[in-house]
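This report refers to the structure that appears directly beneath it.
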Amino acid sequence: MTTPDETSESTPETADTTPTSDKRELRFDTSWSYAPAPESTDHIRLESTYGLFIDGEMVEPASGERFSTINPARDEKLADVSMAGAADVDRAVQAARQALEGPWGQMSDAERGKILFRVARMIQERARELAIIESLDGGKPIRESRDIDIPLVAAHFFYYAGWADKLEFAFPGRHARPLGVAGQIIPWNFPLLMAAWKLAPALATGNTVVLKPAETTPLTALKLAEILQDAGVPPGVVNIVTGAGETGAELVQHPLVDKVAFTGSTEVGKIIQRALAGTSKRFTLELGGKAANIVFEDAAIDQAVEGIVNGIFFNQGHVCCAGSRLFVQESVADLLVAKLKDRMATLIVGDPLDKNTDIGAINSSDQLEKIESYLEIGKSEGVEVYQPSCSVPDSGFWCRPTLFLGCAQSHRVVQEEIFGPVLAVQTFRTVDEAIKKANNTPYGLSGGVWTDKGAKAFRISDKLRAGVVWANTYNKFDPSSPFGGYKESGVGREGGLHGLSPYLELSA
Ligand code: NAP
Ligand code: MG
């Protein structure tokens, strides 16, 4: 590998007269090339067919129906997975209820914590295997599943294991009782991490669970079932029902479910909220987003460019809190966009298992279709669509990193969640204009501010109607930090101390 600096020095005799902006393109396009560094899959063991994990066993679905989960980077089948129907969901909920009244409910808090610590350690021990399966099934780059997803999964179990026998200190003077059976439904963008966000606090607080993974990414949840068993989680405490949207709907409607925890789209969140209206079930909803990343002229521009790239191209933009709207102060807009384009030209789109890959595969053909439809919508709305000319593999589902330039607030590509590596760029002149534009969205999950002035960062984060606002960084997560949205981005908080109470009945 050679660096740009080693190859781009020119002698006075061969002095390059290319304009500076073009020269920058040339330097990046010709200088950086990495030999492929694919992660080996030799030690990964996947079954050809998976059952449902109910009452501590892998069981056949009542209907015998199965569906395939594929590797989106190759459009190839990885395994057949069971389709849980109403009878299977009922069986899983009954098992969860029995476990609540049986071994789990009778276990001491300290013993429950000990089991969860064991789960966390076993996740660490099997981290490499879990990261590879996550990348195979979902398409995300191995660098992310290895360095972000799986370490955070373990961290969540460690964090909540610690609370299991300390609830009296979390809620002093109040008596904390588990709610009962939690029905948990998760999306495909962080499959195992979303499972950990749901399972760890529910189990630490003494609840039992029926978990419904997303249709396109069920495999790491099924691997987790093995770990839970090995760690000594009693049968029925966690049940995993793979299936489609109808499986999720059955779980939401089951009369013996006491609490619904859902992460997914705002559209489905609204359906669930309607289904729960008038029932005594508690619920938390973590929904969509359209976050504003705001860059002021006094910001460290190179650092901001890295943050923007991390904020929207990370995980193919399949991130609810992705910084999908960029607001740049007018005085630095040309410079920032030029630097951003330069940086985008260096991004490697391709094999998720290659350690050099920056942008992996789009999770499914449906999602790719949705993103591509927004590229067309952008064009028809008159925005400039910019993509670097990087190569992408022939098979599988891919989208180059994309900028929408010259956007207006009213454009659909600015207002609607696209959930792909696509960034809508706008400019502003004053702080008030930036805040007004950033808040002009039905969503309110997250945001970012880039400035040299601490007071400005605090003022703006205070005015943004968003659950999380990062200053001079983006997409940083920690199990001790609460997470959740305003407006159509959701109801309730997960993570940290805030993540315990949605699973507890608190009384004097
Ligand atoms: P989705 O279509 O809403 O699906 C989420 C989950 O709900 C999946 O398991 C899905 O099953 C299931 N489901 C579908 N219809 C259902 C119904 N009528 N009743 C009950 N469950 C149902 O969302 P997605 O496309 O998987 O995920 C992307 C969305 O999640 C984005 O909007 C993103 O912003 C959001 N998200 C939010 C957060 C957050 O913390 N706020 C985090 C991650 C993602 P199938 O897979 O079988 O369809
Ligand atoms: Mg898959």
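A few remarks follow.
- Seen from Phe397, the other residues with C-beta closer than 14 Å to its C-beta sum to a net charge of -4, counting Lys and Arg as +1 and Asp and Glu as -1.
- Helix 109-125 axis versus longest C-alpha principal axis of the chain: approximately 40°, rounded to the nearest ten.
- Segment 40-169, dipole about Cα centre (Lys/Arg Cβ +1, Asp/Glu Cβ -1), debye to the nearest 20: 380
- Highest-first arrangement of 183-192, 453-462, where packing means the average Cβ count within 10 Å: 183-192, 453-462
- Look at the dipole of the chain built from charges on Cβ: of Leu78, Val469, Gln367, the Cα furthest out on the positive end belongs to Val469.
- Label-to-label distance, nm, for residues given as Glu129 and Glu376 (7 Å Cα→Cβ offset): 4.4
- Residues Val237, Val468 in ascending order of nearby Cβ atoms (within 10 Å, fewest first): Val468, Val237.
- About the centre of its Cα atoms, segment 289-471 shows a dipole size close to 580 debye [charges on the beta carbon of Lys, Arg (+1) and Asp, Glu (-1) only; nearest 20 debye].
- Student exercise, the chain dipole from Lys, Arg, Asp, Glu Cβ charges, in Debye to nearest 20: 1800
- The order of the peptides 202-210, 437-445 by mean Cβ neighbours within 10 Å, most packed first, is 202-210, 437-445.
- Options Tyr503, Gly289, Pro479, ranked by Cα towards positive dipole end of the chain, top entry (Cβ charges): Tyr503
- Between 0 and 90 degrees, the angle of helix 127-138 with respect to the longest Cα principal axis of the chain falls at about 70 degrees.
- Proxy reagent accessibility, fewest Cβ within 10 Å first, across Lys355, Lys463: Lys355, Lys463
- Cα centroids of segment 168-234 and segment 281-310: 27 Å apart.
- A Förster distance of 35 Å, applied to the separation of the beta-carbon atoms of Leu335 and Val392, puts the FRET efficiency at 0.75.
- Rough spin-label spacing in nm, given labels placed 7 Å along Cα→Cβ, for Ser265 and Thr430: 3.9
- Secondary structure note: in segment 289-471, about 10% of the DSSP beta bridges are antiparallel.
- Label-point separation, Gln415 to Ser481 (7 Å along Cα→Cβ), nm: 3.1
- The convex hull defined by the C-alpha atoms of the chain has an orientation-averaged projected area of 25.1 nm².
Every number here is computed from the coordinates shown, using simple stated rules; none is lab data. Note that the coordinates shown come from a computational prediction; the quantities given were computed from them, not determined experimentally. Every residue, glycine as well, gets a Cβ built from its backbone with ideal geometry; the counts of neighbours run over all protein chains shown.
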